[in-house]
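What follows is a single structure, written as structure tokens, with notes after it.
The numbers here are math on the coordinates, done by the rules we state, and not lab data. Remember, it's a predicted structure, so these values are computed and weren't measured experimentally. Cβ atoms come from the backbone with ideal geometry, glycine included; neighbour counts cover every protein chain shown.
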């Protein structure tokens, strides 16, 4: 704070001194003294800023402390063990790790062509005008619908569809399962990935594109040879951020994944993700170690999403400077 | 010299066109789910909304009728409480970021805001459980609001910082030159000038938390009664949707569709208010 004051608020230093002189000349006057209140204001701002920083630290620490018991009893094999049986006190997080990775990567794969298409459509083909406005509004509308409603819709519309598909393939027609969860996640992350992609694509300098056009390139060649290479890291960041979203998404997945604690052996099998197992079993966790196991999963979720997020945001910040 | 070159421009143009149509096709295809979801929601939702639905408490299974009055009031109380918790901290932290651009604390604050933005909502529910529900030994609306407030915080900080950065420096200089103390300059000149952006941020923050279910599952927990006490379990619209949707009773499904419709309309109205407000109240420089 000090450096800024001296360097840019030079006038203010004068104001401060004159206030103090004033105060000295009129002792006990009712003249509002700016000095102490400024100090107080600074302190308040600093405290509030520190609270936010401490909040993040406190979240990490309390998750870590509460997950100690399970790591003490299971060791690091907690992460690699594939049996989750709370009644027999067996806790292995592997089925949920695989469930999370499977659903979110599948969703990413499904959504990529759609989100890239929207990003190109809005960033390159129709960057302004009524059509762009319409698509921007609809995608932001899609992003605004609460996730529990996606889950509800998935339960009533998507699950019967997947069940029909399963009957056709001749597998057990659960309807709920990894595939259904991935489809719901796909719909949910398309708008987010598209908006990040559009932002990155609009950052490509106009003169680079014009240079390519002047050489006789077609629009697709410009996209392929100028926009994609230039925006590559940004697109990668957008993918990372959407992956973070998909990993942390809880309600919609919980409602359509089938909540089965077994290791998912096929795409149609009911499973559980890290987030959905917490949502399902947290209130049922009676023993201390059970609760601790769920909190350890929350800790894992926190660490993974935080790392993904920080890398993604770092890349985007570097790009936009 | 006779240079032989192939004229492949026809193929290139064709390829260009094909890719263009591919992009258009995928773009329009991605709108379909939205239309399906909205149409289904409106079809199912409107038919289950009536006066009774809005003004009555839930009835036990088997009895027809009943409403979600307690959930509507619960959602409003939760939103108000979390706004009260997060706005003062968020705005001050935002001012800190816009005033102190460099330094260790500013760097950490920026990092923390990014981290908070990305924390899955279910983790915040766990945190609120550990911090409030466990020591108090009871589910409470207060713990739910704390979880929601943490979700809202990064949006308020970011919008405050972004808007205050746009306020021209000359405004600040003019105020300081008139001998106005620094803190009054910020509070009475800079902050009002950026008020529209900050309000937009708050509205968007509310829109983000209004539909959140995961942080409420083991904090506010839900209750079939009308409750105004923030220290007791409280119902909320997203909880109604979740609990009723996974029940086996068609009557409850109808209620869940009604609640979904209300919730969606609320979120859309908030988003719309934020958007129009942003353009209307904006102080132009």
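Write down, largest first, the equivalent ellipsoid semi-axes of chain A in whole Å, where each equals the square root of 5 times an eigenvalue of the alpha-carbon gyration tensor.
Semi-axes, largest first: 46, 35, 17 Å.
Quick one: order B:92, A:168 by neighbouring beta-carbon count within 10 Å, fewest to most.
So the ranking, lowest neighbour count to highest, is A:168, B:92.
Can you tell me what percent of all Cα-Cα pairs in region B:156-253 are more than 17 Å apart?
Of the Cα pairs, 67 percent sit more than 17 Å apart.
Taking N as the number of residues in region A:107-171, what value does Rg over Cα atoms divided by 2.2 N^0.38 Å take?
1.50
On a C-alpha basis, how far is the centre of region A:229-284 from the centre of region B:153-208 in Å? Whole number, if you could?
Rounded to whole Å, the Cα centres lie 38 Å apart.
In nm, to one decimal, how far is the residue A:137 label point from the residue A:303 one, both placed 7 Å along Cα→Cβ?
Computed distance between label sites residue A:137 and residue A:303 equals 4.6 nm.
Between Rg and the Kirkwood Rh of region B:51-184, both from Cα atoms, what is the Rg to Rh ratio?
Here Rg/Rh amounts to 1.16.
Calculated FRET efficiency, residue A:215 and residue A:109, Cβ-Cβ r, R0 35 Å, to nearest 0.05?
0.55
For a quick check: sort A:81, A:265 by the number of other beta carbons within 10 angstrom, fewest at the front.
Fewest-to-most Cβ neighbours within 10 Å comes out as A:265, A:81.
Let me check I have the definition right: for region A:72-224, take the eigenvalues of the Cα gyration tensor, multiply each by 5, take square roots. What are those semi-axes in whole Å, largest first?
For region A:72-224, the ellipsoid semi-axes come out as 41, 21, 15 Å.
What is the log10 of I(q)/I(0) for region A:261-313, computed with the Debye formula using one identical point scatterer on each Cα and no solvent, at q = 0.12, 0.14, 0.16, 0.31 Å⁻¹?
-0.36, -0.48, -0.60, -1.10
When the convex hull of the C-alpha atoms of chain B is computed, what volume per residue in Å³ does it have?
It comes to 252 Å³ per residue, whole-number rounded.
Using the alpha-carbon centroid of each, what span in Å lies between region A:302-320 and region B:1-61?
28
Using the Kirkwood radius over Cα pairs, work out the Stokes-Einstein diffusion coefficient for the protein assembly as shown at 25 °C and 0.890 mPa s, in µm²/s as a whole number.
Diffusion coefficient, whole number: 93 µm²/s.
Report the label-to-label distance for residue A:130 and residue B:32 in nanometres (one decimal), using points 7 Å from each Cα along the Cα→Cβ vector.
Simple spin-label model gives 2.5 nm for this pair.
Over the whole of B:87-97, what's the average partner chain Cβ count within 10 Å per residue? Rounded to a whole number, please.
Counting other chains' Cβ atoms within 10 Å and averaging over B:87-97 gives 5.
Please give, to one decimal in nm, the separation of the simple spin-label points placed at residue A:47 and residue A:311, each 7 Å out from Cα toward the Cβ.
In this crude spin-label approximation the distance works out to 4.0 nm.
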